[in-house]
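Structure, as structure tokens:
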Amino acid sequence: MEMEKGKVVVEKVRGKSTVIRSFSKYPLKFITPRKVGSSITDAVWIYSLTYGGGIVSGDSISVEFTIGDGCTAVLTTQSSTKVYKTLGSKCSEQVLEKQVFRVVSDSSLVIVDWFTSGRHESGEKWDFELYRSSNCIFAEGNQPVFLDTVLLEQSSPVDIAERMHEYQVIAMVLIYGPKLKHVQDQVQENVKRLMSQQLQIPSTRLGCCAKTNSDNCLVRPAFIASCSAFGPKGMGVVVRVASTTTEAVYRFLHHQLAGMEPLLGVSPYS
């Protein structure tokens with residue numbers, strides 16, 4: 001199988017974070033806008049696209065990013081990536097496996113990894129065989145800091161849609177590094193307060209209601225989130241989210257990551 005590749009290198013040029021090398025091969029495309037947000041903010045933005053709006057069965061994409069000392073870079077992907085079946089294929093798969101990040105002691109990193117069940121309003125809900133997304137962070141000396149895999153797989157007797165109940169979106173937000181300590185503290189406090197409020201909401205306002213064998217009503221919130229620290233001295237925070245709507249996740253991400261605006265020039269998901 002031919003491997004489609006891309007490479008981006010960011011270094012300091014005249015005191016500013018700058019893309020000094022950008023290479024991509026079809027179906028991958030990188031776009032680097034000249035300006036995003038405030039001109040006094042030192043951050044370079046890179047938009048990663050796939051032609052046609054999706055990945056066709058058989059595509060394999062490998063990308064390498066190198067961010068130099070003192071540089072800030074933001075990599076964004078398409079807000080929606082669809083996996084298409086090619087004629088004659090039994091199934092299509094999109095495997096985001098072994099996303100590896102190597103950081104030095106004073107580096108900071110934010111990862112937002114989320115996906116939806118499909119166009120669930122038209123009946124497309126978790127209609128695939130397998131989803132696997134792995135994220136690995138290593139510190140200096142190849143020391144593992146964060147090793148994580150999200151796996152959804154069709155199996156008998158309970159399929160993915162049944163296990164997910166009415167939740168249509170799952171997400172992971174990872175915030176790591178000394179420069180983002182204020183964001184981590186705020187996110188942890190916000191998630192704690194949010195879930196405390198959820199538990200106090202009357203059951204008639206919470207998400208879906210599923211009947212159990214004893215005919216009791218099992219109530220699930222429409223939005224749930226958890227937060228935990230990881231890494232040496234708790235240098236990282238990971239937030240996991242499940243929601244019945246995409247809009248609720250957008251609002252959550254915008255609110256939780258607003259504290260990064262001074263670093264990036266704009267507020268994420270604004």
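Within the stretch 200-216, none of the residues are at pLDDT 90 or above, among the polar types (S, T, N, Q) and either part of a strand (DSSP E or B) or surrounded by fewer than 16 Cβ atoms within 10 Å (Cβ to Cβ) (or both). Quick check on the stretch 247-270: of everything there that is in a loop (DSSP other than H, G, I, E, B) and hydrophobic (A, V, I, L, M, F, W, C), which residue is modelled with the highest pLDDT? Taking the candidates together, the pick is Leu257. Residues in the stretch 13-31 that are closer than 15 Å to Thr66 by Cβ and among the charged types (D, E, K, R): Arg21 alone.
For the stretch 142-169, what are the residues that are among the charged types (D, E, K, R) and open to solvent by less than 40 Å² (accessible area, probe 1.4 Å)? Across the stretch 142-169, the qualifying residue is only Asp148.
Tell me, which residue of the stretch 217-239 that is touching a strand residue (DSSP E or B) at 6+ places or on another chain (Cβ under 8 Å) and part of a loop (DSSP other than H, G, I, E, B) is modelled with the lowest pLDDT? It comes out as Arg220. Within the stretch 46-89, take every residue that is open to solvent by less than 50 Å² (accessible area, probe 1.4 Å), modelled with pLDDT of 90 or more and not in a strand (DSSP E or B) and give me the one that is farthest from Ser270 (Cα to Cα). Filtering first and then ranking leaves Gly68. Residues of the stretch 120-141 that are surrounded by fewer than 17 Cβ atoms within 10 Å (Cβ to Cβ), touching a residue at least 12 places away in the same chain (Cβ under 8 Å) and part of a helix (DSSP H, G or I): Glu140 alone.
Selection of first residues in the stretch 33-45 that are basic (Lys, Arg) and of second residues that are assigned to a loop (DSSP other than H, G, I, E, B), restricted to Cβ pairs under 9 Å at least 6 apart or on distinct chains, gives the following pairs, ordered by first then second residue: Lys35/Gly265. Among the residues of the stretch 171-194, none qualifies, meaning not one is more than 30 Å from Pro262 (Cβ to Cβ), open to solvent by 20 Å² or more (accessible area, probe 1.4 Å) and in contact (Cβ under 8 Å) with a residue 24 or more places away in the chain.
The values are calculated or read from the model by the stated rules, or taken from the named source; none is laboratory data. Treat the numbers as computed from the prediction; the structure is a model and nothing was measured. Every residue, glycine as well, gets a Cβ built from its backbone with ideal geometry; the counts of neighbours run over all protein chains shown. Side chains are part of the model used for accessible areas, which takes the heavy atoms of the whole protein and leaves out ligands, DNA and RNA. Shrake-Rupley method; radii C 1.70, N 1.55, O 1.52, S 1.80 Å.
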